[in-house]
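These notes concern the structure reproduced below.
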Amino acid sequence: MIPPPLVSTLDARLESGDREFSVRPGAPGRISMGHRELINMASCDYLGLARHPAVVRAAHDALDDWGLGTAAGRALSGTTVLHRDFERRLASWVGCEDAVLHSSCWAANAAVFATLTVLANQARRPLAVFSDRLNHASIIDGIRAQRSAVAHLVLYDHHAGLDDLRHGLTTVPTDAVKVIVTDGIFSMEGDQAPLRALRTLAEEYGALLVVDDSHGNGVVGPHGRGTAESQQLLGRIDVITGTLGKALGGAIGGFVAGPRALTSTLRSMSRPYTFSNNPPPSVVAGAHATLDVLAGHDSPLATLRTRVEQLRSGVIALQLPTWPGKHPIVPVVIGDEHAAQELSANMIRTGVFVTALTYPVVPRGAARLRLQVSAAHAESAIDHVLNVLADSGHA
Ligand SMILES: Cc1ncc(COP(=O)(O)O)c(C=O)c1O
């Protein structure tokens, strides 16, 4: 029974219109709602690989060979050769020594902070964490879960410069274990973290640099190897976390990549790794195949970049407020929540699926549409999105 004090709160939430649409797959880059097919501008399948024949085939083969799941965590009988092969490939792809798969990047980020807390405690050193204010919720909650053990928490905002970060690094006790953590690509703005400057500060103050590259892996850098590759830092980021739920096949799963000393410690200390199942073999095989597609001659990266440029230059020409950059996340900042919701409803009516992002996902007064480009979008689809925006009354 739902406790009576919660009933009215739950009813109020229902009335406030919590929205979740039921959709079906359409042609690549599109989804179906009811009898209509819409251009899908709200998907993180940036490379359009979720339904790529080679990726689907690899997942099918693994499903045939291994069945639906391992029915055990990795530390029991859940480690298959597919898991270990993929971890090694993923690690070298992001420029690290080894990687540990987790059930999600959410779990991976939680595991990183829980493990660093234990390690700092064992070393009898205070833990100091320096986190960008715009970091993803999984990082924020990963730190919050360790609140009682984090002796110093310094928040900075890379948009305002790195003075707060530098100041924090100089004022925490010199014997503290210092950890700088940032998204590689910020998911609400689509801009890159200043990794080169963060790397320099990390070296100057002896801090560990942790980058969550969930939106960067597969997308940025000359070969799509992520934000580190994009800023010529492959092999120079201490710890990289990421997801399999976006460009790398769009399924489920996450990872922590880093020095072998840390990854093998995670294998014994990470509670989400030890006490929870890993992604199933079919998902691991499919995600592994996305790296083969990216490395092959029919890599979708060039198409993705052409479509991103088409949308970004169109949005700028319409003088809609957005963030500069080259990432397929293209925000259109409307400000007022109601207006943003109305615009998204109007776009859905005119064949473009996009959702409005409002508080608390973004700050109050900064409601926006987050358009996400995919290599699966046709040139005509992006033209249509721009035409709808042009007629929206906001341009
Ligand atoms: C930056 C970032 N980190 C972590 C996650 C969580 O990823 P997962 O779905 O694998 O838990 C997301 C997903 O939205 C994300 O954008």
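The values are calculated or read from the model by the stated rules, or taken from the named source; none is laboratory data. Keep in mind that this is a model prediction, so the values were computed, not measured. For neighbour counting, all protein chains shown are included, and Cβ atoms are generated from backbone atoms with ideal geometry for every residue, glycine included. Note: areas computed on protein heavy atoms with side chains; ligands, DNA, RNA excluded. Shrake-Rupley method; radii C 1.70, N 1.55, O 1.52, S 1.80 Å.
Residues in the range 356-382 near a label at residue 21, defined as backbone nitrogen under 13 Å from the 7 Å Cα→Cβ point?
Correct set: 356-357, 370-372.
Of the GluC sites (Glu not before Pro) in the range 18-106, which ones lie in a loop per DSSP and count no more than 10 other C-beta atoms within 10 Å?
20
Please state the charge dipole magnitude for the range 69-109, taken about the Cα centre, from unit charges on C-beta atoms (+1 on K and R, -1 on D and E), reported in debye and rounded to the nearest 20.
Values: 4 positive and 4 negative charges, 19 e Å.
My answer is approximately 100 debye.
Using a 1.4 angstrom probe, figure out how much accessible area the chain has per residue, in square angstrom, rounded to the nearest whole.
I get 45 Å² per residue for this part.
Could you size up the charge dipole of the range 90-170 around its Cα centre, putting +1 on the beta carbon of Lys and Arg and -1 on that of Asp and Glu, and report it in debye to the nearest 20?
Working: 6 positive and 7 negative charges, 69 e Å.
So the dipole magnitude of the range 90-170 works out to roughly 340 debye.
Choose one of 311, 107, 386: the residue whose Cα lies farthest towards the positive end of the charge dipole of the chain (beta-carbon charges +1 Lys, Arg; -1 Asp, Glu; about the Cα centre).
107
On a C-alpha basis, how far is the centre of the range 136-152 from the centre of the range 1-72 in Å? Whole number, if you could?
Taking the Cα centre of the range 1-72 as reference, the centre of the range 136-152 is 28 Å away.
Can you give the relative contact order of the chain as a percent, counting alpha carbon pairs under 8 Å and 6+ residues apart?
Details: 768 pairs, mean separation 91.4, N = 395.
Relative contact order here is 23 percent.
Can you give the extra length, in nm with one decimal, that the chain gains between residue 232 and residue 72 once fully stretched, where that is 0.36 nm per residue apart less the Cα-Cα distance?
53.7 nm
Return the whole-Å distance between the Cα centroid of the range 228-256 and the Cα centroid of the range 270-300.
11
Can you give the FRET efficiency to the nearest 0.05 for residue 319 and residue 200, using r as the Cβ-Cβ distance and R₀ = 41 Å?
0.70
If you take all C-alpha pairs in the range 53-295, what percent of them are over 26 Å apart?
Considering the range 53-295, 35 percent of its Cα-Cα pairs are separated by more than 26 Å.
In deg cm²/dmol, rounded to 500, what helix-only [θ] at 222 nm does the chain give when every DSSP H run of at least 4 residues adds -39500 (n - 2.57) and the total is split over its residues?
Helix-only estimate at 222 nm: -12500 deg cm²/dmol.
Using 7 Å Cα-to-Cβ label points, what is the residue 338/residue 260 separation (nm, one decimal)?
Label at residue 338, label at residue 260, 6.2 nm between them.
Projecting each Cα onto the charge dipole of the range 53-295 (Lys/Arg +1, Asp/Glu -1 at the beta carbon, about the Cα centre), which of 152, 239, 226 comes out farthest on the positive side?
152
Rank-order 313-326, 213-226 by packing density, defined as the average count of other C-beta atoms within 10 Å over each peptide's residues, highest first. Display every interim value, and only then the final one.
On the way: 313-326: 15.1, 213-226: 26.2.
Result, highest mean first: 213-226, 313-326.
Quick one: in the range 94-194, what % of C-alpha pairs are over 15 Å apart?
Summing the P(r) tail past 15 Å for the range 94-194 gives 64 percent.
Would you work out the charge dipole size for the chain about its Cα centre, treating the Cβ of every Lys and Arg as +1 and the Cβ of every Asp and Glu as -1, and quote it to the nearest 20 debye? Don't jump to the answer; show the numbers that get you there.
On the way: 34 positive and 37 negative charges, 117 e Å.
Around 560 debye, computed over the chain.
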